[in-house]
């Protein structure tokens, strides 16, 4: 069994799989669904893999894993990206690191608890999933909102009645935001209260 686990680990490495589904594993290994389940559980027990949700796994031997990389797979079949407090902190607009990963998704809002950390995704209408791009650190690649879009996502969600989202205090770094881009993106929200809010905060 140990030899089998080692060969399966080599299979993951040869295909560069950092996060994968049980279906991916079946396709690559040729194992039956039953054998796949047994082997994945065995490898997780040995600390080689981590189960993020049903059918989704992280290869713990892959260097520099970030939960942000797996966000689209966590929210699948709905698209998502890192945004809100996390994207603003990574851009230097917020001083305090958030306690978990924040993102936005076209799907239902949800909290994911995983061995790699927790992630909370808030819902946005599909038309508002714009203004994001790839980020890289070492071998990790994920998608995150530009700081202007992350700020607008946060402001928009904080204005929704009974929303649990609260707009935080910004550090002086917010003056580095692109005001023209902020204004252009704000128009795309088509939400008058958002522009009133931004003007009151002296962001427009």
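Across the range 2-59, the relative contact order, built from alpha-carbon pairs under 8 Å that are at least six residues apart, equals 39 percent.
Dimensions of the range 80-160 along the principal axes, based on C-alpha atoms and rounded to the nearest Å, stand at 35, 26, 23, largest first. Using a simple spin-label model with pseudo-atoms 7 Å out from Cα toward Cβ, residue 137 and residue 170 lie 2.3 nm apart. Computing Rg and the Kirkwood Rh from the Cα coordinates of the chain gives a ratio, Rg/Rh, of 1.06. Note on the chain: helix-only mean residue ellipticity at 222 nm, from DSSP H runs of 4+ residues weighted -39500 (n - 2.57) and normalised by residue number, equals -12000 deg cm²/dmol. Over the C-alpha trace of the range 2-59, radius of gyration and Dmax come out as 9.9, 27 angstrom. Across the chain, Cα pairs under 8 Å and at least six residues apart give a relative contact order of 15 percent. The alpha carbon centroids of the range 100-149 and the range 27-68 are separated by 22 Å. Each of the peptides 60-71, 136-147, 25-36 was scored by the mean count of other Cβ atoms within 10 Å over its residues; in descending order, highest first, they stand as 60-71, 136-147, 25-36.
Each reported figure results from applying straightforward, stated rules to the coordinates on display, with no laboratory input. Note that the structure is predicted; figures quoted are calculated from it, not measured. Glycine also receives a Cβ, built like all others from the backbone with ideal geometry; neighbour counts cover every protein chain displayed.
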